[in-house]
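A.B. asks: Take this structure, written in structure tokens, and hold onto it; I'll ask about it next.
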Amino acid sequence: MSQKYFILIFVLVFAYSGESRQQPFACDPANAGTRNLRFCKISLPIQVRVQDLIGRLTLQEKIRLLVNNAAPVERLGVSGYEWWSEALHGVSNTGYGVKFGGAFPGATSFPQVITTAASFNASLWEEIGRVVSEEGRAMYNGRAAGLTFWSPNVNILRDPRWGRGQETPGEDPHLVAQYAVSYVKGLQGGGGSGNTRLKVAACCKHYTAYDLDDWNGYDRYHFNAKVSMQDLEDTYNVPFKACVVEGNVASVMCSYNQINGKPSCADSTLLRDTIRSQWHLNGYIVSDCDSVGVLFEKQHYTRYPEDAAAATIKAGLDLDCGPFLAIHTDEAVRTGKVSELEINNALANTITVQMRLGMFDGPNGPYANLGPKDVCSPAHQQLALQAAREGIVLLKNIGQALPLSTQRHRTVAVIGPNSDATLTMIGNYAGVPCRYISPLQGISRYARTVHQQGCMGVACPGIQKFGLAEVAARHADATVLVMGLDQSIEAEAKDRVSLLLPGHQQDLISRVAMASKGPVVLVLMSGGPIDVTFAKNDPRVSAILWVGYPGQAGGAAIADVLFGAANPGGKLPMTWYPQDYVAKVSMANMDMRANPTKGYPGRTYRFYKGPTVFPFGAGFSYTRFSQHLVSAPIIVSVPTDFHDLVSNNTTTSLMKKNAAVRTIHTNCESLDIDMHIDVKNIGDMDGTHTVLIFSTPPDHTTKQLVAFEKVHVVSGAKQRVKINMNACKHLSVADEYGVRRIYMGEHKIHVGDDLKHSITFQPSLEEIKV
């Protein structure tokens with residue numbers, strides 16, 4: 001989020017930011033003047049309490065509650081509050097709501113999201129969310145954090161150059177959606193639908209079609225994302241809908257960019273009609289920081305600032321991260337461009353969330369006992385280590401070069417600009433970790449190490465240190481090269497221009513590999529994919545591990561995998577393209593589907609069919625697994641009305657090719673599909689296996705991930721995996737108008753690469769109305 005605009009913070013609002021974490025926030029039982037007010041009565045329904053509070057506020061007090069650093073209402077005993085806290089992969093001080101120090105010197109820093117996504121482990125994602133919310137609540141109790149965390153980032157990793165791709169769960173809509181639902185549930189605890197209580201309030205961002213920061217003259221503040229209704233429905237909006245409908249998220253953040261000519265934060269179709277009316281958000285909609293100012297000052301969407309304030313509030317925006325609404329809403333009301341009632345509606349959404357969090361319940365509550373002991377606990381740090389292990393992806397392993405042996409590989413040369421990395425391992429939107437274990441420190445637990453950086457940072461501008469690195473490799477029993485990227489190469493407001501390793505990194509790898517007397521392992525730290533075709537094809541590079549940004553315990557996890565204490569089971573959550581792909585594709589082209597007539601290759605594994613360095617879902621194990629389909633339906637009947645059967649030529653005939661049923665015109669609840677698959681570990685080592693289920697609809701060539709499940713199987717044993725799908729949710733296809741349909745006919749189901757099944761959908765004739 002941009003912080004530039006905050007230098008213009010409205011003085012009256014900013015003056016109270018220092019009070020943003022006072023306890024209790026409101027309804028102090030020691031305050032005789034407020035404790036008997038109706039909005040403080042816990043026994044009353046939340047909506048009654050909310051309306052009572054709003055009814056007591058003056059217009060000026062209301063306006064000062066429309067921004068992230070909300071001013072106190074002292075006469076009612078309500079403290080100021082900073083809404084902006086972050087918890088992307090641990091409590092973070094990126095936002096103004098979190099302050100480390102004193103009793104809270106740090107918090108558990110989990111792997112960056114792209115790394116954790118590679119685990120394909122939904123239960124792990126939820127558990128990480130639970131731990132992060134526990135630490136967040138503890139810090140709130142200690143006046144060191146807020147309770148509204150603007151995480152997770154659920155944008156699609158559409159383009160491999162995007163600097164913020166590291167924050168996302170990858171390129172697949174279903175994967176990103178499942179991550180979003182799991183993490184949100186973990187964060188929010190029991191706070192689901194209705195007015196149930198929240199542990200903390202999560203926020204799914206950045207809505208929508210936001211995945212360009214600064215590239216080749218385009219920037220996020222001016223970019224107009226031209227998106228088809230089809231791509232919006234089956235790609236960009238999928239995770240956000242899941243956040244709201246399945247995750248019951250408490251907030252959605254609108255993005256900087258325009259979508260088809262209209263700023264996201266001023267688009268009533270996207271906000272009021274879709275998030276609020278169709279998906280039934282029970283929560284608030286917040287702008288990305290300074291977005292309202294951006295749409296006026298940079299995009300020139302309105303002529304006057306009060307028009308911008310009115311447009312966003314009318315569109316459905318409830319909270320401005322920035323001072324714009326605090327400054328300009330009064331004039332918008334005075335000139336009749338927005339009503340006080342519309343402001344009341346916005347406040348009802350934000351205050352309802354605060355009440356669900358217990359912020360108006362006084363000092364007591366179900367989480368009041370959490371404190372410093374619950375932050376950076378041994379159990380939490382162990383989970384960070386487990387998450388890092390599960391996210392590591394083994395991309396190459398010639399002749400079972402890995403795992404290394406403590407007996408045969410007593411001396412290990414540890415080389416590369418990320419070989420002793422600490423800060424690099426936690427990526428962006430991170431806080432202050434409990435501690436660091438670098439790769440060098442981790443490997444030193446298993447073997448004697450000889451350390452050479454080889455490069456001056458990841459930019460690797462020269463070769464002056466190559467000689468020392470070659471000498472180290474020549475005399476070691478094994479060599480581990482820890483290379484890749486960091487936030488100087490990919491970050492918020494910094495998109496990449498190349499997929500190649502920076503500077504002379506490739507040269508260092510090749511020269512060290514040639515000099516090494518033992519196996520050479522290439523370990524890559526990065527958020528986005530890297531074209532390492534040279535290393536993939538070099539027989540002297542024995543193994544390749546991608547570790548993403550593995551968090552505070554990253555070095556320990558890397559060493560555990562290198563020496564076999566942990567068996568890698570991660571899978572790539574994104575396609576690794578060759579460098580020539582980006583030479584053909586503009587980041588500004590939002591189309592997902594290929595267009596051969598224009599030479600446009602398409603995006604992600606779903607639509608791009610060209611060569612790859614490593615495909616989506618790639619990842620090996622130290623053991624081997626077999627899969628056997630035990631049971632799955634062959635025919636599924638779809639209840640429908642005859643007139644809802646359509647085809648490419650609009651003729652309603654069951655005999656026509658491409659007949660399909662709209663999901664809104666069938667009984668989706670009756671279309672659950674169960675599959676049972678046996679997974680057997682036929683290798684010599686215990687390990688985890690990810691069952692990936694893809695579907696190809698009739699007369700389509702695209703393959704779409706529709707389900708996945710992680711399973712741990714001991715050597716020689718077998719585990720049965722149950723996969724549950726719903727035809728409407730998982731097997732439908734969006735047409736060019738963004739309408740979802742279930743195509744009649746044979747759907748090809750792929751279980752990984754080696755197991756295939758067919759499910760034929762047919763209309764339920766007895767229910768057709770003629």
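A.B. asks: Give the carbon-plus-sulfur fraction of the accessible surface of region 308-396 in %, rounded to a whole number; probe 1.4 Å, heavy atoms of protein chains only.
C.D. replies: Numbers: 1530 of 2880 Å².
With neighbouring chains kept in place, the figure for region 308-396 is 53 percent.
A.B. asks: Of the listed pairs Lys536/Lys748; Lys536/Lys571; Lys262/Lys337, which have alpha-carbon separations greater than 23 Å here?
C.D. replies: On the way: Lys536/Lys748 31 Å; Lys536/Lys571 17 Å; Lys262/Lys337 19 Å.
The pairs that break the limit, which is 23 Å between Cα atoms, are Lys536/Lys748.
A.B. asks: Next up: If you find the alpha carbon centre of region 692-770 and of region 373-403, how far apart are they in angstrom?
C.D. replies: One Cα centre to the other: 31 Å.
A.B. asks: OK, next. Determine the gain in length on full extension of the stretch Val48-Lys536; use 0.36 nm per residue of separation and subtract their C-alpha separation, reporting nm with one decimal. Please report the intermediate quantities before stating the final value.
C.D. replies: On the way: separation 488, 0.36 × 488 = 175.68 nm, distance 6.32 nm.
Computed gain between Val48 and Lys536 is 169.4 nm.
A.B. asks: Can you order the peptides 309-320, 254-265, 602-613, 455-466 by their average number of other Cβ atoms within 10 Å per residue, highest first? Walk me through the numbers on the way to the answer.
C.D. replies: Details: 309-320: 26.2, 254-265: 23.7, 602-613: 19.1, 455-466: 16.8.
Highest mean packing first, the order is 309-320, 254-265, 602-613, 455-466.
A.B. asks: Sort by residue number and report every cysteine in the chain with no other cysteine beta carbon within a distance under 4.7 Å.
C.D. replies: Cys203
A.B. asks: Can you tell me what the convex hull of the Cα atoms of region 37-189 projects to on average, as an area in nm²? Intermediate results must be reported in sequence, preceding the final value.
C.D. replies: Values: hull surface 45.0 nm².
Dividing the Cα hull surface by four gives the mean projection, 11.2 nm².
A.B. asks: Just the number please: accessible area per residue for the chain, 1.4 Å probe, all protein chains included, in Å².
C.D. replies: On a per-residue basis, 35 Å².
A.B. asks: With r as the distance between the Cβ atoms of Lys298 and Tyr737 and R0 = 25 Å, compute the FRET efficiency 1/(1 + (r/R0)^6) and round to 0.05. Show your work: numbers first, answer last.
C.D. replies: Numbers: r = 32 Å, r/R0 = 1.27.
Efficiency for this residue pair is about 0.20.
A.B. asks: Something else: For region 327-461, compute Rh as the Kirkwood radius over C-alpha pairs and then the Stokes-Einstein diffusion coefficient at 4 °C and 1.567 mPa s; write the answer in µm²/s, rounded to an integer.
C.D. replies: Values: Rh = 21.0 Å.
It diffuses with D of about 62 µm²/s by this estimate.
A.B. asks: Order the peptides 586-592, 231-237, 300-306 from the highest to the lowest mean number of other Cβ atoms within 10 Å of their residues.
C.D. replies: The packing order, highest mean first, is 231-237, 586-592, 300-306.
A.B. asks: Another one. What is the spread of the Cα atoms of region 424-494 along each of their three principal axes, largest first, in whole Å?
C.D. replies: 41, 31, 13
A.B. asks: Here's something else I'd like to know. Calculate the radius of gyration of the Cα atoms of region 256-406 to one decimal place, then report Dmax, the largest Cα-Cα distance, as a whole number, both in Å.
C.D. replies: That works out to 23.3, 76 Å for Rg and Dmax.
A.B. asks: From the C-alpha gyration tensor of region 673-770, pull out the three semi-axes of the equivalent ellipsoid (sqrt of 5λ each), sorted largest to smallest, in whole Å. Intermediate values should be presented prior to the final figure.
C.D. replies: Numbers: eigenvalues 211, 39, 24 Å².
Over the Cα atoms of region 673-770, the semi-axes work out to 32, 14, 11 Å.
A.B. asks: Then there's this: If you restrict to DSSP beta bridges whose two residues both lie in the chain, what percentage is antiparallel, to the nearest 5?
C.D. replies: Working: 59 of 95 bridges.
Just about 60 percent of them are antiparallel.
A.B. asks: With just the Cα atoms of region 552-642, tell me how far they stretch along each of the three principal axes, in Å, largest first.
C.D. replies: Per principal axis, max minus min of the Cα coordinates gives 56, 45, 25 Å.
A.B. asks: I would also like to ask the following. Starting from the Cα-Cα distance between Arg143 and Asp273, subtract it from 0.36 nm times their residue separation and give me the gain in nm to one decimal. Can you show the working numbers first?
C.D. replies: Details: separation 130, 0.36 × 130 = 46.80 nm, distance 3.71 nm.
Roughly 43.1 nm would be gained on extension.
A.B. asks: Turning to a different aspect of this structure: Taking each pair of distinct Cα atoms in region 85-158 once, what is the resulting Kirkwood hydrodynamic radius in Å?
C.D. replies: Numbers: mean 1/r = 0.0784 Å⁻¹.
It is 12.8 Å.
A.B. asks: What distance in nm separates the simple spin-label points at Leu629 and Gln464, each placed 7 Å from Cα in the Cβ direction?
C.D. replies: Label-label distance for Leu629 and Gln464, simple model: 6.1 nm.
A.B. asks: Counting only protein heavy atoms, what percent of the accessible surface of region 397-541 is carbon or sulfur at a 1.4 Å probe? The partial results should precede the final answer.
C.D. replies: Working: 2970 of 5620 Å².
Of all accessible area on region 397-541, carbon and sulfur atoms account for 53 percent.
A.B. asks: At q = 0.13, 0.14, 0.22, 0.30 Å⁻¹, what log₁₀ I(q)/I(0) does region 238-296 have when each alpha carbon counts as one equal point scatterer in the Debye sum?
C.D. replies: For region 238-296 at q = 0.13, 0.14, 0.22, 0.30 Å⁻¹, log10 I(q)/I(0) is -0.31, -0.36, -0.84, -1.25.
A.B. asks: Next question. Given a 1.4 angstrom probe, I'd like the percentage of the accessible area of region 208-294 that is carbon and sulfur, rounded to a whole number. Let's see the in-between values first.
C.D. replies: Numbers: 1140 of 2510 Å².
About 45 percent, which is the carbon plus sulfur part of the accessible surface.
A.B. asks: Compute the distribution of all C-alpha to C-alpha distances in region 185-267, in bins of 5 Å from 0, and list the percent of pairs in each, rounded to whole numbers.
C.D. replies: With 5 Å bins starting at 0, P(r) equals 3, 15, 21, 20, 15, 12, 9, 4, 1, 0.
A.B. asks: What does region 142-294 give for Rg and for Dmax, in Å, if only its C-alpha atoms count?
C.D. replies: Looking at region 142-294, its Cα Rg and Dmax stand at 14.8, 47 Å.
A.B. asks: So which of Lys41/Lys373; Lys722/Lys756; Lys205/Lys298; Lys185/Lys729 end up more than 23 Å apart by C-alpha? Spell out each step's value before the answer.
C.D. replies: Working: Lys41/Lys373 31 Å; Lys722/Lys756 16 Å; Lys205/Lys298 21 Å; Lys185/Lys729 19 Å.
Cα-Cα > 23 Å for Lys41/Lys373; rest within.
A.B. asks: Highest mean first, how do 36-42, 470-476 rank when packing is the count of other Cβ atoms within 10 Å averaged over residues? Write out the running numbers ahead of the final one.
C.D. replies: Values: 36-42: 16.7, 470-476: 19.9.
Result, highest mean first: 470-476, 36-42.
A.B. asks: Which option, (i) 55; (ii) 30; (iii) 34, is the value of percent of Cα pairs over 41 Å apart that was calculated from these coordinates?
C.D. replies: Step by step, percent of Cα pairs over 41 Å apart for this structure corresponds to label (iii).
A.B. asks: Related question: Just need log10 I(q)/I(0) for region 312-394 at q = 0.11, 0.12, 0.13 Å⁻¹, Debye formula, equal scatterers on the alpha-carbon atoms, no solvent, rounded to two decimals.
C.D. replies: Computed log10 I(q)/I(0) values: -0.62, -0.67, -0.71.
A.B. asks: Moving on to the next point. Between the alpha-carbon centers of region 523-597 and region 111-125, tell me the distance in whole angstrom.
C.D. replies: If you average the Cα positions of each part, the centres end up 15 Å apart.
A.B. asks: Still on this model: Regarding region 423-551, what's the average projected area of the Cα-atom convex hull, expressed in nm²?
C.D. replies: Details: hull surface 31.8 nm².
The Cα convex hull of region 423-551, projected and averaged over all directions, gives 8.0 nm².
The values are calculated or read from the model by the stated rules, or taken from the named source; none is laboratory data. Not measured: the values here are computed from a predicted model. Note that we place each Cβ from the backbone using ideal geometry, even for glycine, and neighbour counts take in every protein chain shown. These area figures cover heavy atoms from the full protein model, side chains too; ligands, DNA and RNA do not enter into them. Shrake-Rupley method; radii C 1.70, N 1.55, O 1.52, S 1.80 Å.
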